[in-house]
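So the structure is just underneath, and the comments pick up after that.
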Amino acid sequence: MSFASFDVVVVPFPYADRLAEKRRPAVVVSSPALEKRHGLVWLAMVTSASNPSWSCDVAISDLHLSGLPAASVVRSAKIATVDTARVLRRIGKLAAKDAKAMKAKLRELIAG
């Protein structure tokens with residue numbers, strides 16, 4: 001399976017604070033070149049909008065396009081590198097304005 005930037009996928013996403021993982025939606029934030037060269041994708045975690053917010057969260061405005069059943073945000077600070085074989089399925093894509101907001105948040109986090 002091939003993935004494009006800002007596809008919404010379902011994957012066993014690793015926890016940051018323990019050796020465990022949880023099946024959850026995530027957003028592909030790497031280019032297809034990473035997948036082609038190394039068989040990897042960079043993913044940003046998606047979580048419920050009802051969770052306490054972080055300053056790096058990006059609200060998902062189009063649930064239908066994203067394939068998500070409930071109000072959600074992309075938690076752009078929580079990034080994982082995953083082998084593409086571990087991605088269970090693609091469920092949607094971020095709307096263009098959400099992808100633009102994600103790019104801005106990622107630049108902000110990288111640039112410091």
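Derivation of every value follows stated rules applied to the coordinates shown; laboratory data play no part. Bear in mind that the values here come from a model prediction, so they are computed numbers and not experimental data. Quick reminder, even Gly has a Cβ in these numbers, built from the backbone with ideal geometry, and neighbours come from all protein chains shown.
Annotations for the structure displayed:
- Residue of ALA101, ALA85, ALA26 that the Gaussian network model of the chain assigns the largest fluctuation, springs spanning Cα pairs under 10 Å: ALA85
- Remark: LEU68, LEU19 ranked as LEU19, LEU68, counting other beta-carbon atoms within 10 Å and listing the fewest first.
- Amide H partners (placed H, <5 Å) of GLU21, local residues excluded: TYR15
- Taking the Cα centre of the chain as reference, the dipole from Cβ charges on Lys and Arg (+1) and Asp and Glu (-1) amounts to some 120 debye.
- Filtered trypsin sites (Lys or Arg not before Pro), segment 2-34: DSSP coil and at most 14 other beta carbons within 10 Å: ARG18
- For segment 7-111: Kirkwood Rh in Å [reciprocal of mean 1/r, alpha carbons]: 13.8 Å
- Packing-based order for 3-9, 28-34, using average beta carbon neighbours within 10 Å, highest first: 3-9, 28-34
- Computed extension length for ASN51-TYR15: 11.4 nm, one decimal, from 0.36 nm per residue of separation with the Cα-Cα distance subtracted.
- Remark on ILE91: its backbone amide H falls under 5 Å from those of VAL8, VAL9, VAL10, a criterion applied only to residues 5 or more positions apart or on other chains, H modelled at 1.01 Å from N.
- The local environment of LEU88, defined by Cβ-Cβ distances under 15 Å, has a net charge of +3 under the rule Lys, Arg +1 and Asp, Glu -1.
- Spin-label model, ARG37 to LEU109: label points 7 Å out along the Cα-to-beta-carbon direction sit 2.1 nm apart.
- A cut-off under 15 angstrom between Cβ atoms defines the neighbours of LYS105, and their net charge, with Lys, Arg +1 and Asp, Glu -1, is +3.
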